[in-house]
1. Taking the full set of protein chains and a 1.4 angstrom probe, give the accessible area of B:M5 in square angstrom, rounded to the nearest 10.
2. With all protein chains present and a 1.4 Å probe, how do C:K195, A:K29 order by accessible area, largest first?
3. Counting only protein heavy atoms and a 1.4 Å probe, tell me what percentage of segment C:169-303's accessible area is made up of carbon and sulfur.
4. Can you tell me what the convex hull of the Cα atoms of segment B:2-258 projects to on average, as an area in nm²?
5. On a 0 to 90° scale, report how tilted helix B:166-190 is relative to the longest principal axis of chain B, with both axes built from alpha carbons and the result rounded to the nearest 10.
6. Cα centroid distance between segment B:206-263 and segment C:31-82, in Å?
7. Using a 1.4 angstrom probe, figure out how much accessible area segment B:173-263 has per residue, in square angstrom, rounded to the nearest whole.
8. How big is the gap, in Å, between the Cα center of segment B:39-64 and the Cα center of segment A:60-103?
Amino acid sequence: MTARLLPSLFLAFFLACALVQIPFARYLKNRPVVEKIGYVPHAELLKMGSADQKQFMAALLVSKVLTYFGGVTQQAERKVVIPMDIRGIHRHLEGALKLDPYNMDSYYFSQALFVWDARNVPLANSLLDYGMKYRTWDWYLPFFAGFNSAYFLKDYRKAADYYRRAGDLSGSDLYQSLAGRYLQASGQTDLAIAYLATMEKGARSSAIKKAFGIRLAAFREVKRIEAALARYRSENGKSPVTVQTLISSGYLAPPPRDPYGGEFYLSPEGTVSTTSKFAFAPKGKKP
Amino acid sequence: MRFVMFITLKGFFRDRLVHGLLISLVFFAAIPSLSNLSMRQVTELSITLSLSMISVLQLVLAVFLGGTSLWKDIERRYAFSLLALPFSRGRYLLGKFLAVALFTLGVAVVLGCVTCAVVTIAAASYPPDRPIVWWNLLLAIGMDACKYILLSSFAFLFATVSSSFFLPVLGTLAVFMVGSASQGALEYLGSSEAATMAPLFKRTVSYLYYLVPNFSAFDLKVNAIYGIPVSGRGMILTLLYFVAYLGAVISLAMLLFSRREMK
Amino acid sequence: MTSQTLHEPAIELANLCKVYSGKGGSRLQALQGVTLAVRQGEVFGFLGPNGAGKSSAIKSIMGLITPSSGSVRIMGQPATDPDSRQPVGYLPENPSFYDTLTAEEYLLFVGRSFGMKWVTLRQETERVLKLLEIWDARKRPLRSFSKGMVQRVGIAQVLVHDPAILVLDEPMSGLDPLGRALVKEIILDLKSRGKTVFFSTHIIADVEEVCDRVGVILNGELRAVEEVREVMAAGVHGYRLKIRDTESGEIEEVTIHRPALSGYLHGLTPRKEILLMEPVRRNLEEFFLELVKGAAAPGPEAM
């Protein structure tokens, strides 16, 4: 009896598998991207549990962060805004750096993310300082830290220190001269564009490359507005009140577009800003 | 002893162990493309993945080969005829252990060559910031092999006193985990964060630290991946530690095994 | 070989005791004061029912278990010394060998472990494999062998280094009648070449056919050690006579006890003709059964 029952039983389950397969695959395909980055164990536990696979575990954590980041930015382009779990990312990167303090991907990513999207420059710089203790040969870390100090923190003395270090390590005078140029606030947009262009060119992950590309596009728009602003000032002898004035008076065509979905405006100090703050929708708010 | 070693090695090859290892080559083949997922350290990632793969394979070999090779001889009653041959139990055990150790070394040599090839390919697609220190890479693989040889000596030790296969396998895994974490645990206990911990717990950890081998000294992955210089004196001390520890564990295993009743 | 070792017993057990302690403090007395000397050049049968302690005694000889007390010597050397096994070939009960190897490879391994020269080893391997009729299967892994073939490999690996002493634990088990006959033939051949053979069995017919002496072990105690020839001779306890009355032609059959035989013969009248006279003997089996019954009846220690 079982001899006859078993083949039909197998056939029935096999058909069931085939039937479930289609809706199952569709469900998986349309499942929302990893919205939650998930939990990382305490760094000490992670270190002890990884035995002799610390570097591998670190690489795994970074790749998890990267997948999450890629998923969220992809959704942002489709105008679906998911607040990014910056704290979760931070926990992951910190875990990765505890496991493998030499992991360059972690520093690179934290520089790309914390500085712009999270606006937590001191955090980014503290991670970079930590990394400089280990990656003693690497000029990238002081280069990042120098940019952060000058552009965001306006701490030019510290920036100069970092750039000198980057210059010493890379054997190039470029960074020392960069430090000097940061002293003029007016040159900041140019330098940010130069920095972002370098980063974009060196980026290997497509998600990261895209992120830099968007930011670069935003700064090119700022640059365009600044140029229009300068022309308006020299021709009219006064400053315009709004960006709209520049557009309507023909100095700025086509109208600038913020890829982050914000709107450009002129600050009372006369500099160009955007409501998006160069980041996709700050937590929860729709643009 | 030699003959036991040869015949055991022959058994490993006949058991299709090599076929199993060949499957791992498929994973090695995937490493160059996997490494491209890295943003900034493609070559470094390829070294990380290769070394991780070698470690995992060696761990499996140490635990299962070390844990079952003696156990199987007793369980399948091969030992009755083997131990009646005119050599001592100690020599028999040593022969079996040398077979496992040699096999581990052989696997390390083969996978070491594969790693060199894989890393060369990865480095060609995206040159690293710093030149690869090949000597460090080979040293890391060599020290890894030493570590797993030491670990399999524990598997043998457990197998001499156990009639089941659980103690050798699970006991060896436990030794591996404790031995890999003991350095970190000891350092953590010394830190101010751990000041509130129970003194008994602290004492247990420090006993374990001295009893179980400290495997973290054998881990040169960071040096291999990022080209960080290796301390020569440290290596000599680690090798001395390896020889002394291995000698102690194996001689204890030989002693216990020579007293075992082959009922 | 010195003159001293010449007179040495091949295997000597002196007051051998073995106690197995099991779980929960249970104790099993497997051997109780066994004293035995197997002479060089004899075939000694070790007879006993299952669980009598045969294997424990043999494992003590081979150093596989440590006696609780007493000692074992092989050619005067203590059995705890691995060198004592140099002149010994051992066949375990229900043997099992590395099953990924071939019969030939295993034999070569055994021979090399005994320090044989490569050339002689190859010749001897071929000889014993042919002798045991497994030469054609020599290149096959042992895992493909039947039980009887494995037993033949077991005997081959005993013979390959031509040892002076052979210790065989149940050599006939697992063999078909042809195999049994072959093994008996081999044992008789070994005897003719002056080898010592010590083998355990629970089959009495095997002992009758090939052994010089027999030891009977029961419940861990050695109950008797006898010359097989004497047991057989001592076993003649009477005679069966077929007598014909030459006048009446009647044939009568009588059985006479041995002591009464001469009296009976004297009392025969001349018209009686003895057609046949044959000894009535108690065979080894009866001897053995008697010992077993004798042990079972009063024995408080009987299992």
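The values are calculated or read from the model by the stated rules, or taken from the named source; none is laboratory data. All values derive from a computational prediction rather than experimental measurement. A quick note on method: Cβ atoms are made from the backbone with ideal geometry, for glycine too, and the neighbour counts reach across all protein chains shown. SASA here: full protein model, heavy atoms, side chains in, ligands and nucleic acids out. Shrake-Rupley method; radii C 1.70, N 1.55, O 1.52, S 1.80 Å.
1. Estimated to the nearest 10 Å², B:M5 gives 30 Å².
2. On the way: C:K195 30, A:K29 170 Å².
Of C:K195, A:K29, the descending order of accessible area is A:K29, C:K195.
3. Working: 3930 of 7420 Å².
Percent of accessible area from carbon and sulfur atoms in segment C:169-303: 53.
4. Working: hull surface 63.2 nm².
Answer in nm², one decimal: 15.8.
5. Value to nearest ten degrees: 50.
6. 42
7. Numbers: 4910 Å² over 91 residues.
On a per-residue basis, 54 Å².
8. What the calculation gives is 24 Å, centre to centre.
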